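Step one of this worksheet: look at the structure below.
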Amino acid sequence: MSISKWNNMGLGKKYFWAFFSVVISIDLLLTATLLTYYCNLQINRTTEFSVAQLRQVCISTDILYESVEAVVNQIQTDADTSMFLHSAKTDRLQEAKVSRKLKSIRAANPYVRFVTLYNDTSKRFVSCTFAGQEELLNSGNYYNRLGDQPYVCYFREVGKYYSTQTSNTDMAYTFVFPLRLKPNSSADLVIIDVDSRYFDKAISNIRMDSPKQHILLTDPNGRIISELIATALSQIFYADKPPVESTSYALPSLQSESGSMIVPFEGEKCFVSFARAKDAGWAVFNILPYSSALAGIQNLVILTLSLTLFTFLVGYMLSKRLSSSLYHPIRKLYENYVDSESQNRNSDELQLLSDVFLEIYSKTDRLEQGLIASYQASKNNYLQYILLGEEEKVLAAYDVYDSLGIDLSAPFYCVILLECVPDSEYLKDAQEGKLFINYYALENISKELMAPARHSEFLRIGSNRFALLLSLDTSDMPERLHSGLAKIVHTMQHEFHITTTVCIGNTVNSWQNVNITYEQSKIAMNAHTPRQHGCVFLAGENHESINNEQYYNKIHYRLTEYVRNGDMSSCPLEFDSALSAMQNVSFHSAKIYFRHVLMSVLDDFALLFEKDADAFIALTGYLAKFDACQNVEDMRTVFCLFFNDLHREFLQKHKDNNQTLILNIKDYIDQHYSDPDISLGMLAERVAFSPAYLGKIFSSCTGFSFNDYLSRVRVTSAAEMLQKTNLPVNKISEQVGINNTNYFYSLFKKHYGVTPSIYRKKFRSDTIK
């Protein structure tokens with residue numbers, strides 16, 4: 001197939017772009033990796049060069065600091081200086097001696113331009129030469145800058161104040177040291193000006209080909225001493241004015257003696273290298289624009305981009321070759337199975353082929369279904385006999401089971417239920433044919449993964465429910481079966497977008513008991529929680545195993561209450577709950593258990609049928625029906641019919657007796673209303689009714705609720721006692737059975753509209769009139 005023809009095919013383009021996208025991704029990744037490596041390499045080289053130069057500046061700084069300290073020590077140990085500093089009076093002769101000493105010290109140090117000594121006691125300066133007054137020799141300024149520090153250095157403009165100098169300069173580094181020769185007194189000061197050109201030679205070596213390079217000198221406290229700038233037209237650094245004290249840069253804190261970092265500086269991304277002087281404590285920062293730090297890698301970038309373009313071209317040709325080779329056999333199938341005019345369709349070739357093959361498969365599948373329909377339907381029917389517990393039908397066709405390959409002689413059996421729910425997005429496009437294929441795949445996957453079992457049978461029991469009947473050699477399921485079930489869940493979700501929930505029933509020891517574990521599994525599947533949805537769980541994991549005697553009493557009492565209260569819908573739910581909670585119980589044992597439950601409930605209502613033996617005999621007839629049940633469904637049906645008939649008889653017997661019962665209860669209230677313990681619950685217990693049911697029939701017969709009637713009788717009696725006796729209200733309240741006087745007041749006022757005291761006064765006033 002030619003390239004031009006291939007290029008017009010939709011699927012061919014998809015293959016080409018798939019391969020070429022991989023080439024592009026790998027190429028861009030390698031290019032980015034190389035560029036990053038080159039940038040890091042250049043930054044490392046720049047760092048090494050810059051830090052090495054900065055360390056030379058730090059050495060010069062330490063030499064300067066040691067020299068200045070030596071000057072201070074020389075002044076401090078001089079006898080004439082000491083005498084001057086200890087003198088409280090002005091001695092011009094002594095000042096002249098000290099001035100000559102300072103002049104000789106300055107002359108011996110060519111980088112020192114000015115030295116002065118300040119006597120705090122006499123408040124006078126002595127200097128090596130005249131350098132002006134006022135702002136230069138302002139002792140308060142020196143003391144403020146010094147504070148508690150061992151020394152301070154700052155950059156200032158001083159040249160215009162020097163009267164005579166061979167090498168005049170406009171800027172100087174001014175060192176201020178305290179002298180503490182006099183105890184209990186303020187320190188004296190030594191002020192030394194150092195020519196700013198001292199650093200010019202050392203710092204000029206750091207100059208790089210960048211128009212915006214900055215050098216910052218900071219003191220041990222991080223304050224900026226001077227800022228040196230180099231412009232594009234200058235190869236040296238200069239500082240024509242001191243830094244403004246309010247100026248602050250976001251300089252990083254230094255965690256080491258030297259190094260580099262990338263930080264923003266004056267709104268621009270900059271490369272900053274630094275080094276710290278060991279003795280002086282000064283830090284020197286070399287600040288370059290980030291682009292300047294990367295200068296020199298242009299050739300490497302050009303080489304890398306050229307290599308990228310070349311690999312793009314090679315990858316383009318290779319992608320065409322590979323996609324053409326892959327597409328060729330698909331094109332042949334397309335031409336053979338799809339008509340030539342189908343190129344005008346919207347779908348690509350692979351989708352069209354898929355639709356054609358799906359149609360062919362559907363026709364083949366329908367043919368296959370027709371051929372095996374009778375066999376599979378027959379096999380499913382015989383499997384249903386086992387699941388539904390139709391023992392007679394199974395025994396009658398015992399030989400047929402052997403011919404169908406259904407094992408009826410295994411030591412143990414287990415029933416596993418599967419519920420399949422297609423995902424909502426997939427369900428929109430799912431057709432019954434596609435679902436059938438998916439469920440057919442589920443059957444094959446299940447049989448393959450259940451191979452560790454002795455034998456397995458798969459059948460559909462609903463629109464989206466399936467059952468697996470496993471024959472086992474032991475009572476415990478092998479671990480491989482559990483992992484196989486988990487794999488079924490994963491495969492159906494991943495491959496077919498169907499969420500599969502798996503419920504594992506209890507293991508039973510004969511096929512006659514398969515019915516009970518099947519019913520238990522159905523109950524558990526219907527009641528499974530959201531946590532179990534799409535997972536593998538055991539049918540009995542939400543229930544505790546039954547202790548027959550304890551649970552017998554509990555279910556017996558609950559069922560009796562359901563009959564008395566008319567809650568018949570809870571009876572089948574109670575049956576299902578009891579059945580699902582049974583562990584390692586045979587069908588015969590379960591039938592005996594539920595038969596005992598029916599007998600116990602019937603005993604509770606024995607007095608009800610003392611005068612109606614026929615009704616009692618009819619109800620006991622259900623026990624014989626229960627004995628004839630062959631499966632759980634029959635048991636549930638007889639169970640529900642028994643309780644429905646019992647409830648109907650219960651209502652019929654009580655319908656005629658309710659009026660007499662309520663009249664007796666009213667008489668009892670009229671005679672015993674003074675008893676504070678009288679209540680609906682107490683009377684219900686006496687007549688063997690539930691409080692709720694007794695309250696219901698009391699209300700229907702009298703038109704009053706029980707509490708309203710009792711309150712009315714008590715308040716009426718209290719009103720008579722208020723009229724006829726002089727007993728206090730609290731005593732009357734107690735005699736009518738109400739121990740809480742406040743409640744009595746509230747109840748009385750509710751019935752008569754006034755309090756008991758006002759009622760008594762009003763009655764007596766009306767009587768006098």
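Which distance in nm do the two modelled labels at H588 and H672 give, with both placed 7 Å along the Cα-to-Cβ direction?
5.2 nm
Amide H of H455: which non-local residues (sequence gap of 5 or more, or other chain) have their own amide H closer than 5 Å, using H built in the peptide plane?
S471
State the volume of the convex hull built on the alpha-carbon positions of the range 40-130, expressed per residue in Å³ and rounded to an integer.
Working: hull volume 10.8 nm³, N = 91.
That works out to 119 Å³ per residue.
Check which residues have an amide H placed less than 5 Å from R124's amide H, if you skip close sequence neighbours.
Correct list: N119.
Under the rule of at least 5 residues apart or a separate chain, name every residue whose amide H is placed under 5 Å from the amide H of L189.
Correct list: Y118, D120, L179.
Among H455, I523, T500, flag the residue with its Cα farthest along the positive direction of the charge dipole of the range 439-580, charges on Cβ as +1 for Lys/Arg and -1 for Asp/Glu.
T500
Along the range 278-286, what does the Karplus equation 6.51 cos²θ - 1.76 cosθ + 1.60 (θ = phi - 60°) give for ³J(HN,Hα), rounded to whole Hz, x for Gly and Pro?
Working through the residues one at a time gives 5, 8, 6, x, 6, 10, 10, 10, 10 Hz.
Spelling out what I want: for every residue of the range 459-474, take phi, set θ = phi - 60°, compute 6.51 cos²θ - 1.76 cosθ + 1.60 (Karplus), and round to whole Hz; glycine and proline get x.
Those phi angles translate into 8, 8, 10, x, 4, 9, 10, 9, 10, 10, 9, 9, 9, 10, 9, 10 Hz.
Using 0.36 nm per residue of separation minus the Cα-Cα distance, give me the extension gain between W17 and L300 in nm, one decimal. Show your work: numbers first, answer last.
Numbers: separation 283, 0.36 × 283 = 101.88 nm, distance 2.99 nm.
Extending this stretch completely gives an extra 98.9 nm.
Between Q735 and T620, what is 0.36 nm times their sequence separation minus the Cα-Cα distance? Round to one decimal in nm.
Going from the current span to full extension adds 36.3 nm.
Using a Förster distance of 30 angstrom, determine the FRET efficiency expected from the C-beta separation of T31 and L326, and round it to 0.05.
Efficiency, rounded to the nearest 0.05: 0.65.
Would you check the accessible area of D614, probe 1.4 Å, heavy atoms only, in square angstrom rounded to 10?
Roughly 120 Å² of D614 is accessible to a 1.4 Å probe.
If I histogram all Cα-Cα distances within the range 596-660 using bins 5 Å wide from 0, what percent of pairs lands in each bin?
Calculated over all Cα pairs of the range 596-660, the distribution is 3, 16, 28, 24, 14, 8, 4, 2, 1, 0 percent.
Tabulate in residue order the Karplus-calculated ³J(HN,Hα) for the range 86-99, using 6.51 cos²θ - 1.76 cosθ + 1.60 with θ = phi - 60°, rounded to whole Hz; enter x for Gly and Pro.
7, 7, 8, 10, 8, 10, 4, 5, 5, 4, 5, 4, 5, 5
For the range 433-548, taking Cα atoms only, what is the radius of gyration to one decimal and the Dmax to the nearest whole Å?
Computed over the Cα atoms of the range 433-548, radius of gyration and Dmax are 14.3, 49 Å.
Note down the magnitude of the dipole of the range 611-750 about its Cα centre, charges +1 on Lys and Arg C-beta and -1 on Asp and Glu C-beta and zero elsewhere, to the nearest 20 debye. If you can, show how the numbers build up before the last one.
On the way: 15 positive and 16 negative charges, 135 e Å.
For this selection, approximately 640 debye.
Expressed in nm to one decimal, what extension gain is obtained for the pair D423 and N141 from 0.36 nm per residue of sequence separation less their Cα-Cα distance?
Working: separation 282, 0.36 × 282 = 101.52 nm, distance 8.23 nm.
Stretched fully, the D423-N141 segment lengthens by 93.3 nm.
Whole percent per 5 Å bin, from 0 to the bin with the longest distance: what is P(r) over all C-alpha pairs of the range 664-769?
Calculated over all Cα pairs of the range 664-769, the distribution is 2, 12, 22, 21, 16, 12, 8, 4, 2, 1, 0 percent.
The values are calculated or read from the model by the stated rules, or taken from the named source; none is laboratory data. Treat the numbers as computed from the prediction; the structure is a model and nothing was measured. Cβ sites come from the backbone with ideal geometry, for glycine too, and all protein chains shown count toward neighbours. Areas reflect the complete protein model, heavy atoms only, side chains present, ligands, DNA and RNA absent. Shrake-Rupley method; radii C 1.70, N 1.55, O 1.52, S 1.80 Å.
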